[in-house]
Amino acid sequence: MFNAPYAPSATRSQQFAGSYHQFGNLGKVAQASPHGLVALLFEGYFAALNRARGAMRAGEIGAKGSAIGHAVRIVDEGLRAALNLSQGGNLAADLDDLYAYVCLRMTQANLQNDEAALDECMRLMTPLREAWAGIAGSADHAGRRN
């Protein structure tokens with residue numbers, strides 16, 4: 001009746017860990033300031049690219065594609081969608097171009113299994129994450145005044 005031997009599945013453990021991680025992130029999002037939400041997007045972006053790199057090295061094609069897809073959505077649907085192109089001037093336009101390029105390079109990294117392209121994306125986004133973190137105190141203070 002049951003021909004397959006019992007083998008504990010890492011998938012179930014991974015599901016529980018994923019749920020725990022997702023619940024923790026929901027708590028962070030609910031408590032974050034607008035500045036903090038963007039910081040969480042950066043955190044998620046870099047975490048996704050690190051997962052993609054690990055999956056790429058391990059030859060896990062599905063996990064690589066999923067992680068890169070997550071990073072693309074963070075940039076395109078989170079960071080890029082939040083830009084105010086009508087009022088943001090040259091800075092918003094430059095960020096829009098950068099985000100479009102980073103999404104293109106991540107897609108190429110996925111299709112070509114190109115770890116160097118992932119590294120390029122990380123190098124391009126690191127100064128933004130650092131600058132964003134650097135204004136945390138003043139951004140939170142300005143938000144409390146309004």
In nm, spacing of pseudo-spin labels at Gln108 and Asp76 (7 Å Cα→C-beta vector): 1.6
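Which values, in whole Å and largest first, are the semi-axes of the equivalent ellipsoid of the stretch 60-146 obtained as the square root of 5 times each eigenvalue of the Cα gyration tensor?
Working: eigenvalues 159, 41, 28 Å².
Values for the stretch 60-146, descending: 28, 14, 12 Å.
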Residue-normalised accessible area of the stretch 55-146, expressed per residue, 1.4 Å probe, Å²: 60
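Assuming 0.36 nm per residue, please report the length gained on full extension of the stretch Ala116 to Leu40 beyond their Cα-Cα distance.
Additional length available on full extension: 24.9 nm.
Once the Cβ-Cβ distance between Leu91 and Ala136 is put in as r, and R0 is 22 Å, what FRET efficiency do you end up with, to the nearest 0.05? List each step's numbers first, then the result.
Numbers: r = 18 Å, r/R0 = 0.84.
Once rounded, the FRET efficiency stands at 0.75.
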Inter-label distance for Tyr101 and Ser66, nm, one decimal - labels placed 7 Å from Cα along Cα-to-Cβ: 3.2
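The values are calculated or read from the model by the stated rules, or taken from the named source; none is laboratory data. Just so we're clear, the structure is a prediction, and the values are computed from it rather than from any experiment. Here Cβ is always computed from backbone atoms with ideal geometry, including for glycine, and neighbour counts include all displayed protein chains. Keep in mind that these areas ignore ligands, DNA and RNA; they rest on the heavy atoms of the full protein, side chains included. Shrake-Rupley method; radii C 1.70, N 1.55, O 1.52, S 1.80 Å.
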